[in-house]
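Since every read-out is calculated from the coordinates, none of them should be taken as a lab result. Because the structure is a prediction, the values reported are computed rather than measured. Don't worry about glycine lacking a Cβ; one is built from the backbone with ideal geometry, like all the others, and counts go over all protein chains shown.
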Amino acid sequence: MADTNMVVLTTQDSGILARFLTNPAASHPGATSTTQPAHQRRPNKSPALRARRLATLASLPSAAAAMVSAEVGIDYVLWTEAEVSARVGEVAAELAADLRALPEPAVVVGVATGAFLFLADLVRRVDVRLAVDFVRVESYGAGTESSGKPRITADLKVDVAGKHVVVVEDIVDTGNTLSHLIAHLEKKGASSISVCTFLDKPARRKVSVQLVGDGKFYRGFECPDYFVVGYGLDYAELYRNLPYVGVLKPEMYKKDSSN
Ligand code: PRP
């Protein structure tokens, strides 16, 4: 990251904080670009979300505030690093209890690339014997809408026949990716399939996700229809390394979509 982008922000810096608090960019109409992935679309800003934004910023630890300031593309934080960590711990506890009851180790399958951080944090907190593998499913070209026809472009190494599989996603939006992957895993003979997603956008669902056997659906947060990045989620492959979930400034993708 270029040093020129770095601005040291502390909670005492009321001028900069005020800019975050009053920035109206998130409510600009017409900001949604038809060239963006569906899960990145932005909604109109609701009063509830504005209140959420204010509360989050007011409680932002100085380290997180500094990180926000370092990322010039971020409008505001939706879930802080501490909130993400706490919620991942809760989901991991629930998942661990269920996996512990199984007769044999489950296979946890991360969907690359977006799930990499969630998967890593999750499995470290699941104190149960399990296998980990990855798949890559592609349905969005660079900056395009979902084709609705995902393709498995990198398949499993582990044999899932007769196994309980837990698919780990960063986000479930239309449900296309997940439905295609579940059908793929079922064909490979998985005996049951659960889904564990960090974010869930049920308002955007086009395909209902059918679990297999005794599979369960776990989710970290229900996500509003905002252009969110961080904790694995990208915009043009950037921002995945942010330890929090933030809303991208509209000018970042409006600028790109006008090219
Ligand atoms: C994202 C995300 C999910 C999928 C969800 O992947 O990681 O896999 O989109 O969208 P859907 O429910 O509408 O199918 P993307 O194709 O952007 O790749 P990435 O994981 O590399 O970011």
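Kindly state, to the nearest 0.05, the FRET efficiency for Thr113 paired with Asp214, given R0 = 25 Å and r defined as their beta-carbon distance.
It comes to 0.30.
Using a cut-off of 18 Å between alpha-carbon atoms, which aspartates and glutamates can reach Lys206, once sequence neighbours fewer than 8 places away in the same chain are excluded?
Glu138, Glu145, Glu169, Asp170, Asp173, Glu222, Asp225
Between Lys149 and Lys206, 0.36 nm times their residue separation minus their Cα-Cα distance comes to what?
19.3 nm
Using amide H atoms built 1.01 Å from N in the peptide plane, name the residues 5+ places from Gly110, or on other chains, whose amide H lies under 5 Å from its own.
Distant-sequence amide H within range of Gly110: Asp133, Phe134, Val135, Val168.
At a Förster distance of 41 Å, what's the computed FRET efficiency of Lys254 paired with Glu104, Cβ-Cβ distance as r, to 0.05?
0.20
Which ³J(HN,Hα) values, rounded to whole Hz and listed in residue order, are derived for the range 199-216 from phi using the Karplus coefficients 6.51, -1.76 and 1.60 in 6.51 cos²θ - 1.76 cosθ + 1.60 with θ = phi - 60°, glycine and proline given as x?
The phi angles translate into 10, 9, 10, x, 5, 9, 5, 10, 10, 6, 7, 9, 6, 10, x, 8, x, 10 Hz.
For the pairs Lys149/Lys249; Lys188/Lys216; Lys216/Lys249; Lys157/Lys201; Lys201/Lys249; Lys201/Lys254, flag any whose C-alpha to C-alpha distance is greater than 25 Å.
Result: Lys149/Lys249; Lys216/Lys249; Lys157/Lys201 exceed 25 Å.
Which translational diffusion coefficient, to the nearest whole µm²/s, is obtained for the range 75-256 from the Stokes-Einstein equation, given a Kirkwood hydrodynamic radius over C-alpha pairs, 4 °C and 1.567 mPa s?
Reported coefficient: 78 µm²/s.
Could you check the simple spin-label distance between Asp127 and Lys188, using points 7 Å along Cα→Cβ, in nm with one decimal?
Calculated label separation equals 3.0 nm.
Expressed as a fraction of 2.2 N^0.38 Å, the rule-of-thumb size for a compact globular protein of N residues, what is the C-alpha radius of gyration of the range 210-259?
Dividing the Cα radius of gyration by 2.2 N^0.38 Å gives 1.53.
Name the aspartates and glutamates eligible as straight-distance cross-link partners of Lys163: C-alpha to C-alpha under 17 Å, and not fewer than 8 places from it in the same chain.
Asp98, Glu104, Asp133, Asp155, Glu186, Asp214
Per residue of the range 171-176, what does 6.51 cos²θ - 1.76 cosθ + 1.60 with θ = phi - 60° give for ³J(HN,Hα)? Whole Hz please, x for Gly and Pro, Karplus curve as stated.
8, 10, 10, 5, x, 4
Provide the per-residue ³J(HN,Hα) series for the range 189-194, in order, calculated from phi with Karplus coefficients 6.51, -1.76, 1.60 and θ = phi - 60°, each as a whole number of Hz, with x at glycine and proline positions.
The phi angles translate into x, 4, 7, 8, 9, 9 Hz.
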